[in-house]
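*Asks:* Input: one structure, supplied below.
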Amino acid sequence: MLDEEPVGFFSEFPVTGEIPCELQRLADGERFEGNCGMVLSLNEEKNPFAVTLHLIPRIVSLGIGCKRYTAGDGRAGSFKSTAKLSCVDTQHFCGSQH
């Protein structure tokens, strides 16, 4: 923006209102002529730009039930592996301490 070059913007979420005129909004799979852009997504592996700034909302919630006196270590490992398979970093969860 400071160099007066186009900056791309891609979102996996609905965006209401106007985006700044300096940003070029892209649809999924659309090609971008510029070098850098921003992505609003839970997937950090989504890199449609040569230089990508990931804007990651902390909106994911998870409820886990277990039997009384069950150790939490197994649940934590299962949670982390499931999140990784879904390309969602654990820091995106509401209340995350990461």
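*Asks:* Estimate the FRET efficiency between Thr16 and Lys84 by the formula 1/(1 + (r/R0)^6), using the beta-carbon distance for r and 22 Å for R0, to the nearest 0.05.
*Replies:* 0.10
*Asks:* Could you order the peptides 4-10, 45-51, 18-24 from most to least packed, using the average number of other C-beta atoms within 10 Å per residue?
*Replies:* Final packing ranking: 4-10, 45-51, 18-24.
*Asks:* Given the Cα-Cα distance of Val51 and Ala27 and 0.36 nm per residue of separation, how much length would full extension add, in nm?
*Replies:* Extra length available between Val51 and Ala27 comes to 6.9 nm.
*Asks:* Follow-up question, since we're still on this one. Net charge near Gln24, counting Lys/Arg +1 and Asp/Glu -1 over other residues with Cβ under 12 Å of its Cβ?
*Replies:* -2
None of the figures in this text is laboratory data; all of them are computed from the coordinates on show. Here the structure is a predicted model, which means the values were calculated and not measured. We place every Cβ from the backbone using ideal geometry, glycine too, and count neighbours over all the protein chains shown.
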